[in-house]
1. Quick check on region 225-244. Is at least one of its residues farther than 22 Å from D130 by Cβ, open to solvent by less than 50 Å² (accessible area, probe 1.4 Å) and either touching a helix residue (DSSP H, G or I) at 6+ places or on another chain (Cβ under 6 Å) or in contact (Cβ under 8 Å) with a residue 60 or more places away in the chain (or both)?
2. Restricting region 41-75 to residues that are under 18 Å from the mean Cα position of the chain (by Cα) and small (G, A, S), which is nearest to V269 (Cα to Cα)?
3. Scan region 189-196 and give yes if some residue there is among the acidic types (D, E) and in contact with a helix residue (DSSP H, G or I) (Cβ under 6 Å, 6 or more places away or on another chain), otherwise no.
4. Go through region 237-256 residue by residue and tally those that are more than 16 Å from L212 (Cα to Cα) and in a helix (DSSP H, G or I).
5. Need a quick list: strands (runs of 3 or more DSSP E) entirely within region 21-130 having at least 1 residues that are free of Cβ contacts under 8 Å to residues at least 40 places away in the same chain.
6. With (1) within 25 Å of E69 (Cβ to Cβ); (2) buried (at least 18 other Cβ atoms within 10 Å of the Cβ); (3) more than 18 Å from the chain's Cα centre (by Cα); (4) not aliphatic (A, V, I, L, M) as the list, and T146 as the residue in question, which single condition is left unmet?
7. In this structure, is A251 more than 17 Å from R128 (Cβ to Cβ), open to solvent by 60 Å² or more (accessible area, probe 1.4 Å) and modelled with pLDDT of 95 or more?
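The values are calculated or read from the model by the stated rules, or taken from the named source; none is laboratory data. These numbers were taken from a predicted model, which means no experiment stands behind them. Every residue, glycine as well, gets a Cβ built from its backbone with ideal geometry; the counts of neighbours run over all protein chains shown. Just so you know, the surface numbers come from the protein's heavy atoms only, side chains and all, with ligands and any DNA or RNA stripped out. Shrake-Rupley method; radii C 1.70, N 1.55, O 1.52, S 1.80 Å.
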Amino acid sequence: MMRSFFLYLSASRAARRFLMELPFAKRVSRRFVAGETLAEALDTTVALNAKGMTVSLDLLGESVHNEAEAKAATDAVIDMLEQMDRRGVQAYASLKLTALGLDVSEDLCVLNMRRVLTRAKELGRFVRLDMEGTPYTARTLQIFRTLRHEYAFDNVGVVIQSYLRRSEADMRELAAEGAAVRLVKGAYKEPPDLAFPDKADVDANFVKLLELYLADDARAAGAKLAVASHDEQMIAATRRYADAHHIGADAFEFQMLYGVRSALQESLVAEGYQMRVYVPYGTEWYPYYMRRLAERPANVWFIAKNFLRG
């Protein structure tokens with residue numbers, strides 16, 4: 001029930017207006033958001049790189065409503081890539097296709113993505129397409145394939161959510177294509193005919209999918225896996241499979257969110273695993289922050305303490 005409540009708040013414009021005006025709101029958002037500016041996010045990236053971690057930088061912002069907004073978002077992502085290069089950080093960009101105009105038109109979105117990926121390739125940078133709710137799943141995968149196969153971009157990856165019933169079929173196809181996939185559990189509210197309602201089923205599917213993607217045939221096809229979870233059971237399952245099949249730590253990477261389980265992130269690096277931290281920034285932090293609370297309602301205590309501090 002708590003998860004559903006925060007997912008509802010993430011989509012509520014009224015709640016957004018009210019909560020973002022509270023004096024402590026911006027302060028508590030810094031638990032999971034590196035700041036409102038690119039400079040702040042890059043400073044955070046430098047600090048994480050110094051700890052042996054790479055970064056996935058995300059300028060927060062979801063659906064735009066016209067071509068001008070989509071162009072502005074595209075320009076901002078390109079600026080992010082160029083500033084990464086100037087600072088010499090070990091990072092790539094993550095973005096949502098709705099921020100680049102998917103709800104305006106698919107042609108516009110593909111055009112903007114081509115601009116981003118062209119500049120990223122010039123700079124030797126990778127770009128990850130984040131996955132949104134189920135109305136966008138098939139469209140995101142279609143555009144991902146258009147970019148890879150029709151326009152020959154090899155510096156783009158995508159995200160698959162283990163709570164979706166369709167994900168096993170998607171992962172099998174992506175593995176055969178040699179695609180780079182970030183595997184997550186999923187953070188949107190979906191109907192039970194599309195998503196597993198029980199955590200045990202989501203977890204079991206997560207393990208099945210990571211094993212599928214680390215299998216010999218998938219890796220031989222060039223498939224690259226990022227295991228994105230803070231769940232120690234999922235991390236342990238990855239390690240067990242890799243050890244049992246003599247898969248080196250350089251064949252996959254773990255990913256976690258900025259501000260979540262930092263000690264675990266550091267311990268995995270110390271053990272020789274690749275760790276990438278997802279670092280969001282920007283003024284549009286509200287939906288992202290609510291989804292983080294939905295994933296781990298224990299963080300509500302963090303809000304309560306900050307509320308009492310004023």
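1. yes
2. Per the criteria, the residue is S56.
3. Checking region 189-196: at least one residue is among the acidic types (D, E) and in contact with a helix residue (DSSP H, G or I) (Cβ under 6 Å, 6 or more places away or on another chain).
4. Total satisfying the criteria: 2.
5. So the answer is 91-95, 127-129.
6. (2)
7. No; evaluated as a whole, the condition is false for this residue.
Matching residues to (1) within 15 Å of T98 (Cβ to Cβ); (2) surrounded by fewer than 21 Cβ atoms within 10 Å (Cβ to Cβ):
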residue	(1), (2)
V33	no, no
E36	no, yes
A47	no, yes
V55	no, no
A70	yes, no
D75	no, yes
M80	no, no
